[in-house]
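So the structure is just underneath, and the comments pick up after that.
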Amino acid sequence: MVGPSRPKFVLFGSSIVQMVNNAGGWSAVLADLYARKADVLLRGYSGWNSRMALQALDRIFPKDAAVQPSLVVVCFGGNDATNPHPSGLGGHVPLPEYVDNMKQIIVHLNNLSAKTRIICLSSPRVNEAKAREFYGKGLDDQARTNDACRIYSEALVELCKELDVEAINLWAAFQQRDDWASACLIDGIHLSAEGSKVVVAEILKVLKKVNWEPSLYWLSMPSEFPEDSPYYVVGPDGKTTQNVTDHISVRQLQWLNI
């Protein structure tokens, strides 16, 4: 562990999390915004459904860990929502079991510490035609469909309301863009840089509106080592230095008015 310790933000999910450090990925954007404020950690597992996540939950988030995360962003549902394979194998999880699995995951995370916060992300929309172009006919019998993703997304949002946990319906958020099918997905399923922008915007909206103490919104969090120093760049007056600790970079300007 590199000290001093910063708040830990853990992104926990399937391939939408594992692949999130691609160019312009939402983890990379969050890591940039929270530089010197929080550590953004990935716990992404391609191919996982809520059943697999629940089985590994105690190992990924042990209750007796010395340091618990300040924020966990959970994203499972896309693989659960795939069509069931005739063999009984594959990622499909029936909707009632998916809801129960997510409830157990949320309860476990809620019990990690009094200050561990949770945001659940639903499955985004799917460009079914583009997915078939990329993956061929091999997945036809266990395809991911837009309608199934909608049903699972709405069920997750309803569960989060019952448990008083923040939820983001990515299926609905993507629908706000007319060009989502071509702009937001690289292969019909996984997120492009534009798709990641939708995710970041929705997460920041939640973090800005909630009344969590301490605040986890990037502009409200203190930076590490904010003190002035005579070793910073000398200012125009030639007598003082310019403290750039909380400088907003050009690439961060787009997130100021979320």
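The values are calculated or read from the model by the stated rules, or taken from the named source; none is laboratory data. All figures in this text were calculated on a predicted structure; none of them were measured in a lab. Methodologically, a virtual Cβ is constructed for each residue, glycine included, from the backbone with ideal geometry; neighbour enumeration extends over all protein chains shown.
Give me the residue from the stretch 236-255 that is in a loop (DSSP other than H, G, I, E, B) and of a type in the set (Ser, Thr, Tyr) and, out of that set, farthest from the chain's Cα centre (by Cα).
Taking the stretch 236-255 first, the residues in a loop (DSSP other than H, G, I, E, B) are 236-240, 242-249.
When the remaining residues are screened for being of a type in the set (Ser, Thr, Tyr), the result is 240, 245, 249.
Details: Thr240: 41, Thr245: 26, Ser249: 23 Å.
Ranking the qualifying residues of the stretch 236-255, first place goes to Thr240.
Of all residue pairs spaced 6 or more apart or on separate chains, those with beta-carbon atoms under 6 Å, a first member in the stretch 155-180 that is free of Cβ contacts under 8 Å to residues at least 60 places away in the same chain and a second member that is in a helix (DSSP H, G or I) and of a type in the set (Asp, Glu) are Ile168/Glu202; Ala173/Glu202. Every condition in (1) modelled with pLDDT under 95; (2) within 30 Å of Tyr45 (Cβ to Cβ) holds for Glu166 except the one numbered (1).
Which of the residues that make up the stretch 164-183 are more than 30 Å from Asn111 (Cα to Cα) and either crowded, with 21+ Cβ neighbours inside 10 Å or in contact with a strand residue (DSSP E or B) (Cβ under 9 Å, 6 or more places away or on another chain) (or both)?
Taking the stretch 164-183 first, the residues more than 30 Å from Asn111 (Cα to Cα) are 174-183.
Correct list: Phe174 only.
Number of residues in the stretch 46-58 that are more than 14 Å from Pro69 (Cβ to Cβ), out of contact with any Ser or Thr (no Cβ under 6 Å at 6 or more places or on another chain) and at pLDDT 95 or above: the value is 9.
Given the condition among the hydroxyl-bearing types (Ser, Thr, Tyr) and within 18 Å of Arg117 (Cβ to Cβ), answer yes or no: does some residue in the stretch 216-236 qualify?
Yes; the residues of the stretch 216-236 include at least one that is among the hydroxyl-bearing types (Ser, Thr, Tyr) and within 18 Å of Arg117 (Cβ to Cβ).
When the stretch 4-27 is filtered for residues that are buried (at least 18 other Cβ atoms within 10 Å of the Cβ) and assigned to a strand (DSSP E or B), the ones remaining, listed by number, are Phe9, Val10, Leu11, Phe12, Gly13. If you go through the stretch 53-94 and keep only what is closer than 20 Å to Ile189 by Cα and not in a loop (DSSP other than H, G, I, E, B), you end up with Ala53, Val73, Val74, Cys75.
Within the stretch 28-85, the residues that satisfy the criterion of being out of contact with any Phe, Trp or Tyr (no Cβ under 7 Å at 6 or more places or on another chain), of a type in the set (S, T, N, Q) and either within 15 Å of Thr116 (Cβ to Cβ) or surrounded by fewer than 16 Cβ atoms within 10 Å (Cβ to Cβ) (or both) are Ser46, Gln55, Gln68.
Look through the stretch 108-138, keep the residues that are without any contact (Cβ under 8 Å) to a residue 40 or more places away in the chain and not basic (Lys, Arg), and return whichever of them is farthest from Pro86 (Cα to Cα).
Initially, the stretch 108-138 is screened for residues without any contact (Cβ under 8 Å) to a residue 40 or more places away in the chain, giving 114, 136-138.
Subset that is not basic (Lys, Arg): 114, 136, 138.
Details: Ala114: 44, Gly136: 19, Gly138: 14 Å.
Taking the candidates together, the pick is Ala114.
Among the residues of the stretch 184-197, those that are part of a helix (DSSP H, G or I) and surrounded by 22 or more Cβ atoms within 10 Å (Cβ to Cβ) comprise Gly195, Ser196.
Of the residues examined, Val233 is one that is over 25 Å from the mean Cα position of the chain (by Cα) and either within 30 Å of Glu166 (Cβ to Cβ) or free of Cβ contacts under 8 Å to residues at least 12 places away in the same chain (or both).
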